[in-house]
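What follows is a set of notes on a single structure, which appears directly below.
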């Protein structure tokens, strides 16, 4: 199978995955808003997790922002497989650090993670690169 054929197949798969994720998040938002806990929303949960041990979430939001909106036409890593491997490796490192830290992360560190993620998404995982 040619590389372009694989991409054509992914063209229908990626929107389906994004739609499923959107429906899931909307369902979770509805469920959390209708339970008895005051202020229990997806946003509140994500914020709690990101300011706790799962601060890699902020990095991943930055990567997606850099990937979708600030992509480079000349990324550092040309192969998408290696870009994804680098993102997974960085996320695992951040998860490991998160397990070692015993305090809540500060807002300035969240900002640094977001900016680092945007730069990572721009230079390593660019959507604008066409081989």
*Consider residue 62 carefully, then state whether it is surrounded by 11 or more Cβ atoms within 10 Å (Cβ to Cβ) and modelled with pLDDT of 80 or more.*
yes
*asked:* Out of 78, 108, I need the residue that is at pLDDT below 85 and over 13 Å from the mean Cα position of the chain (by Cα). Which one?
replied: 78
_Here is a list: 108, 102. Which entry is assigned to a loop (DSSP other than H, G, I, E, B) and loosely packed, with under 14 Cβ neighbours inside 10 Å?_
102
*Answer yes if at least one residue in the range 53-67 is part of a loop (DSSP other than H, G, I, E, B), outside the structural domain of residue 29 (by TED's automatic domain parsing), farther than 12 Å from residue 123 by Cα and more than 14 Å from the chain's Cα centre (by Cα), and no otherwise.*
yes
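This table checks each residue for (1) farther than 21 Å from residue 15 by Cβ; (2) assigned to a loop (DSSP other than H, G, I, E, B); (3) not assigned by TED's automatic domain parsing to the domain that holds residue 15.
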{"site": "73", "(1), (2), (3)": "yes, yes, yes"}
{"site": "84", "(1), (2), (3)": "no, no, yes"}
{"site": "97", "(1), (2), (3)": "yes, no, yes"}
{"site": "120", "(1), (2), (3)": "yes, no, yes"}
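The values are calculated or read from the model by the stated rules, or taken from the named source; none is laboratory data. Quantities reported herein were computed from a predicted structural model and do not represent experimental measurements. Neighbour counts run over all protein chains shown; Cβ positions are idealised from the backbone, glycine included.
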